Amino acid sequence: MSQSVAAIIVNSFLKTFPGADDVQITFKRTQQEAFGPQGSIAKIGRVKAAYDPDENRLILIGSHIRDARDLRETLQHELFVHKGLGLFEAKDQKELVDRIIEAKESDKRLKDIWSEISKRYSDMSLRVQAEEVLAYIAERRLSLMDRA
């Protein structure tokens, strides 16, 4: 996806969700350009975007974003969850992540999502995987009721 097309979609998204509009967006054509050799696909896997909470910055990788829908899902994933969790107190973040972990075995609706995330993030902690479960859910298309 080109930077000019991505900018239009990102600006529209940020107008729709003003709580996320303070984030700095950086667009890079390739993963190599974004992260250098240490962040290559071979070393860290394929990355579409990454949110840096210390700098409140989202890096988008244009060559890994398929289309407008993929970009919106990526924005929802990164901003609603990875940025959004930072808006909660640490104890509330912990409680939310704990509940997602508890639901791993007991909630049938999450079973397939947990299975997918466990494969994708097998080298990560259970807490990171739980955050990714939440981020995966956040990618889904929002209905009018969800946005109200």
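Coordinate-derived values only; no laboratory data. Remember, predicted model here, so these are calculated numbers, not experimental data. Every residue, glycine among them, receives a Cβ derived from its backbone with ideal geometry; neighbour counts consider all protein chains shown.
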Roughly what would the spin-label model give for Met124 and Arg140, points 7 Å off Cα along C-beta, in nm?
1.9
With label points set 7 Å from each Cα along the Cα-to-Cβ direction at Gln32 and Glu116, the distance between them in nm comes to 3.0
Within 10 Å, at most 15 other Cβ atoms, and a DSSP state outside H, G, I, E, B define an exposed site. Report the longest part of the chain free of exposed trypsin sites (Lys or Arg not before Pro).
67-139
For a label point 7 angstrom out from the Cα of Asp22 toward its Cβ, which stretches of region 84-123 have the backbone nitrogen within less than 17 Å?
84-90
Apply 1/(1 + (r/R0)^6) to the Cβ-Cβ distance of Val47 and Leu87, taking R0 = 25 Å, and write down the FRET efficiency to the nearest 0.05.
0.60
On a full-extension model of 0.36 nm per residue, what is the gain between Ser12 and Asp98, subtracting their alpha-carbon distance, rounded to one decimal in nm?
27.6 nm
Which of the lysines could be linked to Lys43 by a straight reach, that is with a Cα gap under 21 Å, when you skip same-chain ones fewer than 8 residues away?
Lys28, Lys119
What list do you get for Val81, Val47 if you sort them by fewest beta carbons within 10 Å?
Val47, Val81
Projected-area average for the chain over all orientations - Cα convex hull basis, square nanometres:
9.4
What is the P(r) of region 26-75, as percent of Cα-Cα pairs per 10 Å bin from 0?
27, 56, 18
